[in-house]
1. Checking residue 27 against (1) touching a helix residue (DSSP H, G or I) at 6+ places or on another chain (Cβ under 6 Å); (2) at pLDDT 95 or above; (3) closer than 19 Å to residue 120 by Cβ, which test does it fail?
2. State whether the residues of the stretch 75-82 include one that is among the aromatic types (Phe, Trp, Tyr), surrounded by 13 or more Cβ atoms within 10 Å (Cβ to Cβ) and modelled with pLDDT of 95 or more.
3. Looking at the structure I just gave you, is residue 114 within 22 Å of residue 31 (Cβ to Cβ) and surrounded by 17 or more Cβ atoms within 10 Å (Cβ to Cβ)?
4. The conditions are (1) at pLDDT 95 or above; (2) surrounded by fewer than 19 Cβ atoms within 10 Å (Cβ to Cβ); (3) within 24 Å of residue 94 (Cα to Cα), and residue 157 fails exactly one of them. Which is it?
5. Among the listed residues 102, 121, 155, identify the single one that is in contact (Cβ under 8 Å) with a residue 40 or more places away in the chain, out of contact with any His (no Cβ under 7 Å at 6 or more places or on another chain), charged (D, E, K, R) and assigned to a loop (DSSP other than H, G, I, E, B).
6. Of the numbered conditions (1) buried (at least 16 other Cβ atoms within 10 Å of the Cβ); (2) in contact (Cβ under 8 Å) with a residue 24 or more places away in the chain, residue 42 fails exactly one; give the number of that condition.
7. Restricting to the stretch 133-177, name every residue that is over 22 Å from residue 198 (Cα atoms) and in contact with a Lys or Arg (Cβ under 9 Å, 6 or more places away or on another chain).
8. Within the stretch 85-99, track down each residue that is under 22 Å from residue 199 (Cα atoms), in a helix (DSSP H, G or I) and not hydrophobic (A, V, I, L, M, F, W, C).
Amino acid sequence: MDTAHSHAPKQSRSRQSFDRMIEAAREILHEGGLSALTLAEVSRRSRVSIGSIYCRVDSKEDLIRAVQASSLYAMDHEFAALVNRVRRKALPLRELVPAIVRELAQYLRRHAPLLNAFIERAAQDPVVASVGRKAYTQNALDFKLILLERHAEFRHPDAEHAAATCFAVVYGALARYLGLGGHVESGAGEGDWKQLIEDLGQMALAFLVMDVRQGAQSTKGTAR
(Lines give C-alpha, C1' and ligand atoms only; values in the text may rest on other atoms or scores of the structure.)
Protein backbone atom coordinates (compact mmCIF):
# COMPACT_ATOMS: atom_id res chain seq x y z
CA MET A 1 0.00 0.00 0.00
CA ASP A 2 1.29 3.47 -0.90
CA THR A 3 1.86 5.53 2.27
CA ALA A 4 3.71 8.38 0.58
CA HIS A 5 1.09 10.89 1.76
CA SER A 6 0.99 9.75 5.39
CA HIS A 7 3.41 8.94 8.19
CA ALA A 8 2.31 5.43 9.05
CA PRO A 9 3.67 4.43 12.48
CA LYS A 10 5.45 1.16 13.13
CA GLN A 11 4.61 0.65 16.80
CA SER A 12 1.54 -1.53 17.35
CA ARG A 13 -0.43 0.92 19.50
CA SER A 14 0.26 3.86 17.22
CA ARG A 15 -0.52 1.73 14.19
CA GLN A 16 -3.92 0.87 15.65
CA SER A 17 -4.70 4.58 16.08
CA PHE A 18 -3.61 5.24 12.50
CA ASP A 19 -5.79 2.41 11.18
CA ARG A 20 -8.79 3.71 13.15
CA MET A 21 -8.22 7.15 11.66
CA ILE A 22 -8.12 5.81 8.10
CA GLU A 23 -11.16 3.59 8.67
CA ALA A 24 -13.15 6.47 10.19
CA ALA A 25 -12.36 8.70 7.22
CA ARG A 26 -13.35 5.90 4.83
CA GLU A 27 -16.68 5.43 6.59
CA ILE A 28 -17.41 9.15 6.46
CA LEU A 29 -16.66 9.29 2.73
CA HIS A 30 -18.82 6.23 2.11
CA GLU A 31 -21.75 7.58 4.12
CA GLY A 32 -21.71 11.27 3.24
CA GLY A 33 -19.23 11.89 0.45
CA LEU A 34 -16.45 14.40 0.25
CA SER A 35 -18.40 17.28 1.80
CA ALA A 36 -18.97 15.28 5.01
CA LEU A 37 -15.28 14.67 5.67
CA THR A 38 -13.87 16.91 8.40
CA LEU A 39 -10.90 16.29 10.68
CA ALA A 40 -13.15 16.95 13.67
CA GLU A 41 -15.49 14.11 12.62
CA VAL A 42 -12.56 11.81 11.90
CA SER A 43 -11.18 12.59 15.35
CA ARG A 44 -14.54 11.92 17.03
CA ARG A 45 -15.13 8.59 15.28
CA SER A 46 -11.61 7.27 15.54
CA ARG A 47 -10.93 8.54 19.08
CA VAL A 48 -7.69 10.02 17.77
CA SER A 49 -6.94 13.64 18.65
CA ILE A 50 -6.64 16.19 15.86
CA GLY A 51 -3.08 16.81 16.99
CA SER A 52 -2.29 13.12 16.52
CA ILE A 53 -3.98 13.17 13.13
CA TYR A 54 -1.66 15.98 12.05
CA CYS A 55 1.27 13.86 13.21
CA ARG A 56 0.20 11.29 10.62
CA VAL A 57 -0.95 13.48 7.72
CA ASP A 58 -0.04 17.05 6.84
CA SER A 59 -3.52 18.08 5.66
CA LYS A 60 -7.05 16.95 4.91
CA GLU A 61 -5.97 16.52 1.29
CA ASP A 62 -3.22 14.10 2.34
CA LEU A 63 -5.71 12.22 4.50
CA ILE A 64 -7.94 11.71 1.45
CA ARG A 65 -4.92 10.49 -0.51
CA ALA A 66 -4.05 8.03 2.27
CA VAL A 67 -7.63 6.77 2.44
CA GLN A 68 -7.71 6.34 -1.33
CA ALA A 69 -4.43 4.42 -1.35
CA SER A 70 -5.63 2.11 1.42
CA SER A 71 -9.10 1.62 -0.08
CA LEU A 72 -8.02 0.97 -3.66
CA TYR A 73 -5.31 -1.42 -2.49
CA ALA A 74 -7.98 -3.51 -0.75
CA MET A 75 -10.41 -3.13 -3.64
CA ASP A 76 -7.82 -4.25 -6.20
CA HIS A 77 -7.29 -7.43 -4.21
CA GLU A 78 -11.04 -7.91 -3.86
CA PHE A 79 -11.61 -7.61 -7.61
CA ALA A 80 -8.70 -9.94 -8.39
CA ALA A 81 -10.13 -12.49 -5.96
CA LEU A 82 -13.60 -12.40 -7.50
CA VAL A 83 -12.12 -12.72 -11.01
CA ASN A 84 -10.16 -15.77 -9.84
CA ARG A 85 -13.31 -17.21 -8.29
CA VAL A 86 -15.02 -16.98 -11.68
CA ARG A 87 -11.90 -18.35 -13.39
CA ARG A 88 -11.90 -21.49 -11.26
CA LYS A 89 -15.35 -22.38 -12.58
CA ALA A 90 -13.87 -22.80 -16.08
CA LEU A 91 -17.04 -21.52 -17.74
CA PRO A 92 -17.57 -21.49 -21.50
CA LEU A 93 -17.68 -18.02 -23.04
CA ARG A 94 -21.50 -17.86 -23.17
CA GLU A 95 -21.58 -18.26 -19.36
CA LEU A 96 -18.33 -16.50 -18.55
CA VAL A 97 -19.26 -13.11 -20.01
CA PRO A 98 -22.54 -12.66 -18.08
CA ALA A 99 -20.83 -13.96 -14.93
CA ILE A 100 -17.91 -11.52 -15.02
CA VAL A 101 -20.20 -8.62 -15.97
CA ARG A 102 -22.36 -9.48 -12.95
CA GLU A 103 -19.34 -9.56 -10.65
CA LEU A 104 -18.08 -6.20 -11.94
CA ALA A 105 -21.53 -4.65 -11.48
CA GLN A 106 -21.91 -5.80 -7.88
CA TYR A 107 -18.33 -4.78 -7.07
CA LEU A 108 -18.89 -1.26 -8.39
CA ARG A 109 -22.21 -0.96 -6.61
CA ARG A 110 -20.67 -1.98 -3.28
CA HIS A 111 -18.02 0.70 -3.55
CA ALA A 112 -19.87 3.39 -5.52
CA PRO A 113 -20.10 6.02 -2.74
CA LEU A 114 -16.38 5.78 -1.99
CA LEU A 115 -15.39 5.73 -5.66
CA ASN A 116 -17.57 8.76 -6.26
CA ALA A 117 -15.79 10.68 -3.51
CA PHE A 118 -12.41 9.88 -5.06
CA ILE A 119 -13.61 10.79 -8.55
CA GLU A 120 -14.93 14.11 -7.26
CA ARG A 121 -11.63 14.85 -5.53
CA ALA A 122 -9.64 13.80 -8.61
CA ALA A 123 -10.97 16.86 -10.46
CA GLN A 124 -8.81 19.05 -8.20
CA ASP A 125 -6.04 16.65 -7.16
CA PRO A 126 -3.78 15.14 -9.84
CA VAL A 127 -2.38 12.64 -7.34
CA VAL A 128 -5.83 11.23 -6.60
CA ALA A 129 -6.59 11.25 -10.34
CA SER A 130 -3.41 9.30 -11.12
CA VAL A 131 -4.04 6.66 -8.45
CA GLY A 132 -7.64 6.31 -9.63
CA ARG A 133 -6.55 5.79 -13.24
CA LYS A 134 -4.14 3.06 -12.16
CA ALA A 135 -6.90 1.24 -10.29
CA TYR A 136 -9.26 1.54 -13.27
CA THR A 137 -6.54 0.23 -15.59
CA GLN A 138 -5.90 -2.76 -13.32
CA ASN A 139 -9.62 -3.62 -13.21
CA ALA A 140 -9.78 -3.32 -16.99
CA LEU A 141 -6.78 -5.61 -17.37
CA ASP A 142 -8.19 -8.27 -15.02
CA PHE A 143 -11.51 -8.19 -16.88
CA LYS A 144 -9.86 -8.36 -20.29
CA LEU A 145 -7.51 -11.21 -19.39
CA ILE A 146 -10.23 -13.52 -18.11
CA LEU A 147 -12.19 -12.99 -21.34
CA LEU A 148 -9.10 -13.63 -23.45
CA GLU A 149 -8.68 -17.02 -21.83
CA ARG A 150 -11.66 -17.97 -24.03
CA HIS A 151 -10.45 -16.15 -27.15
CA ALA A 152 -10.75 -19.36 -29.17
CA GLU A 153 -14.52 -18.94 -28.83
CA PHE A 154 -14.45 -15.35 -30.14
CA ARG A 155 -15.49 -14.58 -33.69
CA HIS A 156 -14.37 -10.96 -33.49
CA PRO A 157 -11.15 -10.69 -35.55
CA ASP A 158 -9.33 -8.58 -32.92
CA ALA A 159 -9.69 -10.41 -29.61
CA GLU A 160 -7.76 -7.93 -27.45
CA HIS A 161 -9.65 -4.95 -28.83
CA ALA A 162 -12.97 -6.73 -28.40
CA ALA A 163 -12.29 -7.70 -24.78
CA ALA A 164 -11.08 -4.19 -23.90
CA THR A 165 -14.13 -2.63 -25.57
CA CYS A 166 -16.44 -4.87 -23.59
CA PHE A 167 -14.97 -3.56 -20.35
CA ALA A 168 -15.12 0.08 -21.44
CA VAL A 169 -18.75 -0.14 -22.55
CA VAL A 170 -19.93 -2.19 -19.58
CA TYR A 171 -18.08 0.01 -17.08
CA GLY A 172 -19.46 3.15 -18.71
CA ALA A 173 -23.06 1.94 -18.52
CA LEU A 174 -22.67 0.83 -14.91
CA ALA A 175 -20.98 4.11 -13.95
CA ARG A 176 -23.87 6.06 -15.46
CA TYR A 177 -26.45 4.03 -13.54
CA LEU A 178 -24.50 4.33 -10.27
CA GLY A 179 -23.94 8.05 -10.74
CA LEU A 180 -20.14 7.90 -10.67
CA GLY A 181 -18.35 11.15 -11.39
CA GLY A 182 -19.90 13.29 -14.11
CA HIS A 183 -22.75 10.81 -14.65
CA VAL A 184 -24.72 12.01 -11.63
CA GLU A 185 -27.07 14.26 -13.57
CA SER A 186 -27.44 12.07 -16.66
CA GLY A 187 -29.80 9.27 -15.81
CA ALA A 188 -28.33 7.81 -12.63
CA GLY A 189 -30.50 5.04 -11.23
CA GLU A 190 -32.86 4.94 -14.21
CA GLY A 191 -34.25 1.56 -15.19
CA ASP A 192 -34.00 -1.86 -13.57
CA TRP A 193 -30.56 -2.75 -12.14
CA LYS A 194 -30.87 -6.51 -12.62
CA GLN A 195 -32.14 -6.08 -16.17
CA LEU A 196 -29.26 -3.74 -16.96
CA ILE A 197 -26.72 -6.32 -15.78
CA GLU A 198 -28.37 -9.06 -17.82
CA ASP A 199 -28.55 -6.86 -20.92
CA LEU A 200 -24.92 -5.79 -20.62
CA GLY A 201 -23.81 -9.40 -20.29
CA GLN A 202 -25.69 -10.42 -23.42
CA MET A 203 -24.54 -7.36 -25.39
CA ALA A 204 -20.89 -8.00 -24.50
CA LEU A 205 -21.23 -11.66 -25.45
CA ALA A 206 -22.85 -10.76 -28.77
CA PHE A 207 -19.99 -8.39 -29.56
CA LEU A 208 -17.39 -11.07 -28.90
CA VAL A 209 -19.04 -13.75 -31.00
CA MET A 210 -20.00 -11.46 -33.89
CA ASP A 211 -17.79 -11.56 -36.96
CA VAL A 212 -17.60 -7.85 -37.75
CA ARG A 213 -15.94 -8.58 -41.10
CA GLN A 214 -19.14 -10.21 -42.37
CA GLY A 215 -21.11 -7.19 -41.21
CA ALA A 216 -18.78 -4.87 -43.09
CA GLN A 217 -19.11 -6.93 -46.25
CA SER A 218 -22.91 -6.85 -46.00
CA THR A 219 -22.83 -3.08 -45.61
CA LYS A 220 -20.67 -2.73 -48.70
CA GLY A 221 -23.05 -4.92 -50.67
CA THR A 222 -26.03 -2.83 -49.60
CA ALA A 223 -24.21 0.39 -50.56
CA ARG A 224 -23.59 -0.93 -54.05
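The values are calculated or read from the model by the stated rules, or taken from the named source; none is laboratory data. This structure is a prediction, so every number in the text was calculated from the model and none was measured. Don't worry about glycine lacking a Cβ; one is built from the backbone with ideal geometry, like all the others, and counts go over all protein chains shown.
1. With respect to (1) touching a helix residue (DSSP H, G or I) at 6+ places or on another chain (Cβ under 6 Å); (2) at pLDDT 95 or above; (3) closer than 19 Å to residue 120 by Cβ, residue 27 is out only on (1).
2. Yes, there is a match, as at least one residue in the stretch 75-82 is among the aromatic types (Phe, Trp, Tyr), surrounded by 13 or more Cβ atoms within 10 Å (Cβ to Cβ) and modelled with pLDDT of 95 or more.
3. For residue 114, the condition - within 22 Å of residue 31 (Cβ to Cβ) and surrounded by 17 or more Cβ atoms within 10 Å (Cβ to Cβ) - is met.
4. That leaves (1) as the condition not met.
5. Among 102, 121, 155, only 155 is in contact (Cβ under 8 Å) with a residue 40 or more places away in the chain, out of contact with any His (no Cβ under 7 Å at 6 or more places or on another chain), charged (D, E, K, R) and assigned to a loop (DSSP other than H, G, I, E, B).
6. Looking at each condition in turn, residue 42 falls short on (2).
7. 157, 160
8. Within the stretch 85-99, 87, 94, 95, 98 qualify.
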